[in-house]
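*Asks:* Below is a structure I'd like to ask you about.
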Amino acid sequence: MRHHKCGIPKNIDKKIPGSFLFIIPVFVISFNSFLFFSCVRAEPARMEFILGTICSVNLYGLGSESVYNEIFGRLREIENLMSVNIPSSEISRINAAAGIEPVRVSEETFNVIKRAVYFARLSEGAFDPSIGPVVILWGIGSGSERVPASGEIAELLPLVNWRNIELDEEAKTVFLTQCGMSLDLGAIAKGYAADEAAAIVKKALISRALIDLGGNIIITGEKKDASPWRIGVQNPEKQRGTALGYLQITAAPNESKTVVTSGTYERYFENDGIRYHHLFNPPLGYPAQNGLISVTVTADVSMDADALSTAVFVLGFEKGFALIESLDGIEAVFVFEDRSVRTTAGADFTLTDKTYFIKK
């Protein structure tokens with residue numbers, strides 16, 4: 001095992017609360033950035049605060065208490081492994097050992113980091129799991145938000161580089177090669193958790209379910225009437241639970257589909273009339289500014305949609321659209337500051353708010 005001369009940094013991770021979002025079965029409101037429309041009255045779902053947000057699972061009366069317990073227990077396991085806000089988590093241990101030594105982790109933490117590095121490479125760094133130092137510096141959502149001096153940001157930028165994450169497949173170790181580096185899996189771990197929850201639903205042979213992890217939505221199986229699920233996209237200018245349109249999603253029996261949105265309205269603060277949001281451009285260390293307000297991605301795997309929604313937002317429309325179009329089974333909806341909306345060819349999206357318009 002390699003050892004490097006480097007002081008172990010203080011644990012300066014700040015708790016960043018998840019945003020309160022909405023799911024709406026027409027007349028029933030719960031928490032999420034999407035809206036869920038259905039002509040069937042939803043049965044009560046179990047809701048708990050995990051992963052920094054309100055997590056809701058609805059098994060439509062088809063699941064037992066033990067299945068709910070298994071799902072929420074699994075979510076807490078993942079949180080305990082991958083949260084930067086838990087000092088004993090594997091991610092916190094990796095960060096504490098940055099520049100000192102590799103850290104052996106569980107296979108699932110290793111695989112999530114490996115997938116994060118894959119999307120960093122695919123997006124040419126627009127998605128970067130080593131963004132931790134910048135997230136901490138800005139503190140958005142922590143209650144201590146501030147606009148850092150340009151010199152402070154410049155000093156940290158050398159620490160944000162996914163290429164300096166060394167993965168040993170055989171030993172299952174992760175090594176951050178520079179002192180002061182830190183991982184933040186906030187843009188991918190929730191997607192992984194959603195996939196794990198869906199796997200439990202399938203194992204229990206439950207024919208339909210709606211899993212909502214604060215913006216990461218998975219639907220499993222068919223609705224009772226076999227009609228498409230309608231997942232609404234949040235209107236970024238209005239209160240939570242107000243849609244500007246909806247996606248129609250169909251999942252075959254015992255299969256899942258996922259919808260994930262990244263938007264500037266989810267977590268931000270304002271200073272001198274300027275909004276600073278949490279979707280950072282890793283090479284610059286500032287919130288990405290490219291005319292987009294939100295990007296919604298649909299896919300089969302929530303972990304992939306989670307990472308892609310962030311990557312595509314940071315890339316901007318032209319590069320982001322090209323990336324989505326290059327991937328099989330992935331679609332996207334782009335919402336712009338000028339209230340225009342664009343979609344990829346396969347996205348089944350219907351605009352309902354006439355103050356917005358579809359741009360070809």
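The values are calculated or read from the model by the stated rules, or taken from the named source; none is laboratory data. Owing to the predicted nature of the structure, the values given are computational and were not obtained by experimental measurement. Reconstructed Cβ throughout: ideal geometry from the backbone, glycine too, with neighbour counts over all protein chains shown.
*Asks:* For the stretch 194-205, give me each residue that is out of contact with any strand residue (DSSP E or B) (no Cβ under 6 Å at 6 or more places or on another chain) and closer than 28 Å to Val160 by Cα.
*Replies:* Asp195
*Asks:* Can you report the number of residues in the stretch 166-177 which are among the acidic types (Asp, Glu) and part of a strand (DSSP E or B)?
*Replies:* So the answer is 2.
*Asks:* Taking the stretch 139-157, which residues are touching a helix residue (DSSP H, G or I) at 6+ places or on another chain (Cβ under 9 Å), under 18 Å from Gly273 (Cα atoms) and hydrophobic (A, V, I, L, M, F, W, C)?
*Replies:* The one that is touching a helix residue (DSSP H, G or I) at 6+ places or on another chain (Cβ under 9 Å), under 18 Å from Gly273 (Cα atoms) and hydrophobic (A, V, I, L, M, F, W, C): Val147.
*Asks:* Still on this structure: Restricting the search to the stretch 218-244, which residues are of a type in the set (Val, Ile, Thr) and either without any contact (Cβ under 8 Å) to a residue 12 or more places away in the chain or more than 23 Å from Met303 (Cβ to Cβ) (or both)?
*Replies:* Thr242
*Asks:* If you don't mind, another one. Yes or no: Val333 buried (at least 18 other Cβ atoms within 10 Å of the Cβ), within 22 Å of Gln248 (Cα to Cα) and under 20 Å from the mean Cα position of the chain (by Cα)?
*Replies:* yes
*Asks:* Tell me whether the stretch 270-286 contains one or more residues that are modelled with pLDDT of 95 or more, surrounded by fewer than 20 Cβ atoms within 10 Å (Cβ to Cβ) and within 30 Å of Ile206 (Cβ to Cβ).
*Replies:* no
*Asks:* Residues that are within 23 Å of Asn80 (Cβ to Cβ): find the helices (runs of 4 or more DSSP H) completely inside the stretch 99-157 holding 1 or more of those.
*Replies:* So the answer is 107-122, 132-138.
*Asks:* Follow-up question, since we're still on this one. Being touching a Lys or Arg at 6+ places or on another chain (Cβ under 9 Å), surrounded by fewer than 21 Cβ atoms within 10 Å (Cβ to Cβ) and more than 16 Å from Asp212 (Cα to Cα) is the filter here, so list the residues in the stretch 239-250 that pass it.
*Replies:* If the condition is that a residue be touching a Lys or Arg at 6+ places or on another chain (Cβ under 9 Å), surrounded by fewer than 21 Cβ atoms within 10 Å (Cβ to Cβ) and more than 16 Å from Asp212 (Cα to Cα), then Gln248, Thr250 are the ones that fit.
*Asks:* Consider only pairs whose beta carbons are under 7 Å apart and that are at least six residues apart or on different chains; among these, list those whose first residue lies in the stretch 178-202 and is assigned to a loop (DSSP other than H, G, I, E, B) and whose second residue is surrounded by fewer than 21 Cβ atoms within 10 Å (Cβ to Cβ) and among the basic types (Lys, Arg).
*Replies:* Ile188/Arg115
*Asks:* Quick check on this structure: which one of Leu323, Leu308, Leu247 is touching a residue at least 40 places away in the same chain (Cβ under 8 Å), in a strand (DSSP E or B) and not polar (S, T, N, Q)?
*Replies:* Going through Leu323, Leu308, Leu247 in turn, the sole match is Leu247.
*Asks:* Is it the case that Ile113 is among the β-branched types (Val, Ile, Thr) and in contact with a Gly (Cβ under 9 Å, 6 or more places away or on another chain)?
*Replies:* It is false that Ile113 is among the β-branched types (Val, Ile, Thr) and in contact with a Gly (Cβ under 9 Å, 6 or more places away or on another chain).
*Asks:* If you don't mind, there's one more thing I want to ask. Given Arg104, Arg93, which one is touching a Ser or Thr at 6+ places or on another chain (Cβ under 7 Å), surrounded by fewer than 19 Cβ atoms within 10 Å (Cβ to Cβ) and over 23 Å from Ser302 (Cβ atoms)?
*Replies:* Criteria check complete, one pass: Arg104.
*Asks:* If I filter the stretch 257-296 down to residues being more than 17 Å from the chain's Cα centre (by Cα) and small (Gly, Ala, Ser), which single residue comes out as farthest from Ser309 (Cα to Cα)?
*Replies:* Among residues in the stretch 257-296 that are more than 17 Å from the chain's Cα centre (by Cα) and small (Gly, Ala, Ser), the one farthest from Ser309 (Cα to Cα) is Gly273.
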